[in-house]
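These notes are about the structure you will find just below.
Quick note: the coordinates plus some simple rules give every number you see, no bench work behind them. Because the structure is predicted, anything quoted here is derived from the model rather than measured. No Cβ is skipped: glycine too gets one built from the backbone with ideal geometry, and neighbour counts run over all protein chains shown.
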Amino acid sequence: MRRLLSTLLFVLASSAWGETFIEARVDDAFPEAMLRLQSAIRSHGYSIARIQKVDKGLGRFGYDIAPYRIVFFGHTGLVHGRAAHHPELAPFLPLRITVYEESADSSALVAMNPEVLGQLFASTELDPILSDWASDVRAIVNAAASDTD
Amino acid sequence: MWFAAASTSNTFQTLFAAVQQEIVLNVHERTHGLYSCRKALYAASLAATLCVVASAPANATREGSKSGESPPVVVVDSPHDLEKTVTNVVRAAKGANLRYVGRRFVDEGLVAQGEEDRHRVTVLVCDSALLADSLALNKRLGTFLPCHINVVEHAGAVKVITLNPDVLKKAFFADDPELHDVFRSLSDLYAGILEEVTL
């Protein structure tokens, strides 16, 4: 049976900066949402660098939080290409999308919109880089939240 | 004016906070495509040069960004080589009671093992309580946490780069005043580490 996604959102977390977060809600349990995201990342030509299990890490220190992971991803062109000439972009590499459980059958995907960074940096050289990042992150989140089964 | 604040303050934190509020680009100090806000720090013992990286726009003005806001990162030139600087970052983080999670190359996991760019290192640290409290307030905060500090060797200089929490707060979480203390804590953490690292 096809899993239904209600996804609904590309919430325009609105502010003077426009769409600050690229996000979607997935009507799927957390493990399935994770699988969807990883599949979407790979299908867009990216590799997963690592997955930070925030919930597990905090759990070791006595904090009990719902499943919460950060998926870091990229590819050689991303990290060795134009961005390599701009050390100020290092804190934002690799790209990342956060996945967390909202309920037993609902999960959320959230990423910072890189285009907002473009407004915060002075250099126009960064704009096409950040725009490309935003485009790819948006496509990945959209794909992960789409009903493709 | 932050420079004035620097000359009268004895705390790096004051300088750091002031820099976050106003960046003055010195168009005469363009180096390697960067504008350096090269200002002597308040004490000789702090031999670092505080810089805010912003690639040179054709129409450079006093503003630190196209929006007039400060850049989303704070960059400090390290007087040490990359390895010593990374060691200092780790030591400073531990000294700030942060949990050291590890160090990674920026491209680690994306290229074959052993072929990573060793000039770009990310130091991962975590304040578990701050992280847990933050996520309880707003789950989107995970897009900027846990803490990471970058050490990058670029154009012959070693730079320590952190996020600029005050600017990110305004840009991404302006509608959530409950996060004020979280971002204040992050600013203090990063400022303390940058101070230690460059000594």
Between 0 and 90°, nearest 10: helix A:126-144 axis offset from chain A longest Cα axis: 20 degrees
Average other protein chain Cβ within 10 Å of Cβ, residues B:174-183: 1
Amide H contacts under 5 Å for residue A:21, placed H, 5+ residues apart: A:13, A:113
Fraction of the pair-distance distribution of region B:77-125 above 11 Å, Cα-Cα pairs, percent: 69 percent
Spin-label model distance (nm) - residue A:105 vs residue A:146, 7 Å beyond Cα toward Cβ: 2.4 nm
Between 0 and 90°, nearest 10: helix A:30-43 axis offset from chain A longest Cα axis: 40 degrees
Residue B:136 versus residue B:188: modelled label distance in nm, points set 7 Å from Cα along the beta carbon direction: 1.8 nm
Summed side-chain charge close to residue A:63 - residues other than residue A:63 whose Cβ falls under 10 Å, Lys, Arg +1, Asp, Glu -1: -2
Residue B:118 versus residue A:39: modelled label distance in nm, points set 7 Å from Cα along the beta carbon direction: 4.1 nm
Relative contact order (%) - criterion: Cα under 8 Å, at least six apart; region: region A:69-149: 23 percent
At 0.692 mPa s and 37 °C, Stokes D of region B:91-183 from Kirkwood alpha-carbon radius, µm² per second: 222 µm²/s
Alpha carbon centroid spacing (whole Å) that separates region A:24-70 from region B:155-199: 25 Å
Of the chymotrypsin sites (Phe, Trp or Tyr not before Pro) in region A:21-102, those whose Cβ has at most 15 other Cβ within 10 Å and which sit in DSSP loop: A:61
